[in-house]
1. Starting from the range 183-211, take each residue that is closer than 15 Å to Arg144 by Cβ and list its partners that are among the hydroxyl-bearing types (Ser, Thr, Tyr) and modelled with pLDDT of 90 or more, counting only C-beta distances under 7 angstrom and pairs at least six apart or across chains.
2. Out of Pro247, Pro262, report the one residue that is more than 16 Å from ligand 2 (Cβ to nearest atom), surrounded by fewer than 22 Cβ atoms within 10 Å (Cβ to Cβ), without any contact (Cβ under 8 Å) to a residue 24 or more places away in the chain and under 17 Å from Pro199 (Cα atoms).
3. Return the residues of the range 122-176 that are away from ligand 2 (no atom under 16 Å from the Cβ), within 21 Å of Glu83 (Cβ to Cβ) and hydrophobic (A, V, I, L, M, F, W, C); say none if nothing qualifies.
4. Checking Gly136 against (1) of a type in the set (Gly, Ala, Ser); (2) buried (at least 22 other Cβ atoms within 10 Å of the Cβ); (3) over 19 Å from His232 (Cβ atoms); (4) modelled with pLDDT under 85, which test does it fail?
5. When only residues in the range 144-197 that are out of contact with any strand residue (DSSP E or B) (no Cβ under 6 Å at 6 or more places or on another chain) and in a strand (DSSP E or B) count, which is farthest from Ala213 (Cα to Cα)?
6. Is it the case that some residue within the range 184-196 is away from ligand 1 (no atom under 16 Å from the Cβ), under 19 Å from the mean Cα position of the chain (by Cα), over 19 Å from Ile14 (Cβ atoms) and not acidic (Asp, Glu)?
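The values are calculated or read from the model by the stated rules, or taken from the named source; none is laboratory data. These figures come from a predicted structure and were not determined experimentally. Note that each Cβ is placed from the backbone with ideal geometry, even for glycine, and that neighbours are counted across all protein chains shown.
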Amino acid sequence: MGPETDREATLIHISDVHIFSARSLRLRFLLDKRLLGGLNALLRRRYMHSFDVTLAALDVVRRLRPDHLLVTGDITTLGAEVELRRFRSALEALPLSPEEITVLPGNHDAYVPAVIWGRLFERIFAPYLGSDPGFGPVEWPLVRLRGPLAILGCSTARPCPPPLAVGALGPAQLARLEAALGDPRLERRCRVVGLHHPPQPGTARWHNGLSDARAFRRVLARQGAELVLHGHLHRRLATTLPGPISPVEVRGVGSASGSSLPSHRLGHLYVFRIRGREVLSEESWVYDPGSGEFHESR
Ligand SMILES: [Fe+2]
Ligand SMILES: [Fe+2]
């Protein structure tokens, strides 16, 4: 491997856009007892998130034209098909090909039973999900090599009714992740692990955490990674987890559609510039309600 991995690449990370459509409130959903209990809490979200802010976040993607866009889940508010399709349409309007965008599911995208959800999410986002040839069929984690970037996209989404928002990777996915992180084809690339739930201790609570976070951290400690990117908490977080040689950088991104004050709830995204295994720079961009645009936050 040479020039391909040595060139510079830009990665944008967004999450938790929580698209809402009144059409989501079809009788089918209202009759779902699993959803009914948490419906009020779910609908409150529509006032905290704005599709216009999501479009402003995607405008940053249009302006910077990154090598890759990573979306770490909670695409929807109610896990409805119309919400998923609305986001896909917004992605289709970007000057990026599906090969340059990876979309992962979050707990909000998994309110309906796993089989139905699995088919729906994978059908709608199929172009944004495939692993590269040689890394197996569509099975989590996805492995996508893009210049110096090795995107390892995990699914932590597990069907659970609100107010539960727990996630899990499962032993099979963890085993595949460990094998991929140690794969020689990734040797000189920046290994970016994307997942919805935060894997670090002390950030989530019993009702919204990653149940096998400890097992995930053990995989990281054995194999290492250059970046772990997550969403779910709707706030900016920066920390490290132990790796085999050096600490692994972990970043939590705020919601890309956050439209309400206080300021830490306003739309947020990350821009990383990467060469080989090195993260050259990291920027936070935050939504400014005055201009209706995202600006780099200093
Ligand atoms: Fe969320
Ligand atoms: Fe979430």
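1. Every condition considered, the pairs that remain are Gly194/Thr72; Gly194/Thr102; Leu195/Thr72; Leu195/Thr156.
2. Working: Pro262 fails: under 17 Å from Pro199 (Cα atoms).
Unique residue meeting the criteria: Pro247.
3. Result: Ile124, Phe125, Ala126, Leu129.
4. Tallying (1) of a type in the set (Gly, Ala, Ser); (2) buried (at least 22 other Cβ atoms within 10 Å of the Cβ); (3) over 19 Å from His232 (Cβ atoms); (4) modelled with pLDDT under 85, Gly136 fails exactly one: (2).
5. Checking each candidate, the answer is Leu145.
6. We begin by selecting, within the range 184-196, every residue away from ligand 1 (no atom under 16 Å from the Cβ); these are 184-193.
With the extra rule that they be under 19 Å from the mean Cα position of the chain (by Cα), the set shrinks to 190-193.
In the following step, the residues that additionally are over 19 Å from Ile14 (Cβ atoms) were identified as 191.
Keeping just the survivors that are not acidic (Asp, Glu) gives 191.
Taking every residue of the range 184-196 in turn, at least one turns out to be away from ligand 1 (no atom under 16 Å from the Cβ), under 19 Å from the mean Cα position of the chain (by Cα), over 19 Å from Ile14 (Cβ atoms) and not acidic (Asp, Glu).
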